[in-house]
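J.: Once you've had a glance at the structure underneath, I'll fire off some questions.
Each reported figure results from applying straightforward, stated rules to the coordinates on display, with no laboratory input. Predicted model only: the values in this text are computed from it and were never measured. Cβ placement follows ideal geometry from the backbone for every residue including glycine, while neighbour counts extend to all protein chains displayed.
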Amino acid sequence: MEALFSFDFSTLFTLENMFAIIFGTLFGLLVGALPGLGATIGIALLLPVTYTMDPLPSVILLISVYMASEYGGSISAIVLGVPGTAAAVATTLDGSPMAKQGFPGKALAYSLTASTIGGFAGGIVLMTLTIPLSKLTIRFSDPEFVLLGILGLVCVASLSSKDIPKSILSVLFGLLFSLIGQDSLVGFPRFTFGSLTLLSGISYVPLIVGMFAFSEVYLMLGGDLNKRYVTDKKNLKTKITWKEFKNVWKNILRGSIIGSLTGILPGLGGGPASWFAYTEARRTAKNPENFGKGEPNGIAAAEAANNATVGGAMIPLLTLGIPGSPSTAVILGALMIQGIQPGPMVFLRSPDLINGIFWGLIFSVFAMYFIGKYTTSLWARMLTIPNYALIPIVLIAAYIGAYSKDLNIVDVWIAIIAGVIAYLMRKLNYSLPAFILAFILGPLIETGMRRSLMLSSGSLSIFIERGYSLTILIIIILMLGSQIYTKGIKNIIDNPQKINKGV
């Protein structure tokens, strides 16, 4: 800890490092706000730029892109109802309704404030808990990751307060879609219908773009084309009052803790973290029925969590050489290009580089806040135009997002078909969030389950043999019990007249 504050800050405040932070932040906001791009693609696009840079500015550049894009994803999620990144899907649930009520600037302000605090919390965790927490998570194996995935599905199934069975069906539907492609262990094709394109499975980017962007366009086409969501430009101001902040600070803190800890677990990242935080905020709310209708706590919890994962995901990368997320996998490539092998020895061989990365991440958070505060309102102004002009903008952004992943026209067709499916799901009150998270966690659960059963010769006892897995299993059981009580027994107790009528 002493080394952190004895760090020579003059090596950080150079023209090259400051330019890396500012440019990385601007670029991150851009790729985060464009649906279908996001942190991983943004970092990959700038990776060639780092070839000729020194190690510290090259890593700071990529971290700044990572941090800013996590917040940038909320811009299109709130303004257009189309999440720019996977981590912003949960933000859409309350951010878009608040914007459509005429307060896009307020929704963006909640997002920016929570993202800043979450990013700062993740940086503190990175600085202080790097080695202790990495020693814990390295002990996790396949059974623990399977149970963590199931825990995520249990959390998201509770999001559908009106119809739990439909939410469960949405989860199963998402798991089914995640099976499309080659079997991860033996390479056998599944549900590909002879298509070579589907051998690698359904790409996440066109799927999410289709389910949110195209379905939103279909809904717009069925409504009033002259409608505009915001007519008063005063509502575009990105600012919240101290009283409004006090109403959400607990969920910002809770989301920051959840995001930081989730980021440490390799393979999860901002998407599941935002869902965990959102679900917890809804579970502990006095009025959970307000969630999904423009609830500020829903925005704050999700955004604090996804930015907090940035610092958390850097922990296994730096200490173990294991990327905590797809974005840190690209950052690992940048370090390798610079001849730096992450792991325990890097703290002895390059302490100044490590401390520079720590403080560079903190400064990237401040850059995100100040640059975001004065540029975000420009994006919010898109809502001042009527639907007939907004629809082509959304369509163009959606086409670019779906096509840019692999430059494959098939991805565009996947997005269009996914949009039709999502449109029907929304009309029939099925849960899009449950479908998306199940699709993300499906491969993690399947691979971990099969490996675990192979190790135990088919015995399920492997999931209760270790304290880590047993603890997670107990949490799952408690959450299920809580949901059964909340949706069933408590409803009977509170509404005995319904039971009498049924008899």
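J.: Extension gain D163-L185, at 0.36 nm per residue separation less the Cα-Cα distance, in nm?
T.: The span from D163 to L185 would gain 4.4 nm if fully extended.
J.: If you don't mind, there's one more thing I want to ask. Can you tell me what percent of all Cα-Cα pairs in the stretch 10-58 are more than 17 Å apart?
T.: Details: 436 of 1176 pairs.
Of all Cα-Cα pairs in the stretch 10-58, 37 percent lie more than 17 Å apart.
J.: Measure up K166/K250; K166/K286; K100/K286; K239/K286; K250/K286 against 22 Å on the Cα-Cα distance and list the ones that go over.
T.: Going by Cα-Cα distance, K166/K250; K166/K286; K100/K286; K239/K286 fall outside the 22 Å limit.
J.: What distance in nm separates the two pseudo spin-label positions at K250 and F19, each 7 Å out from Cα along the beta-carbon direction?
T.: 4.8 nm
J.: While we're on this one: Could you give me the percent of Cα pairs per 20 Å distance bin for the stretch 2-463, shortest bin first, beginning at zero and ending with the bin that holds the maximum distance?
T.: Histogram of Cα-Cα distances, whole percents per bin: 26, 59, 15, 0.
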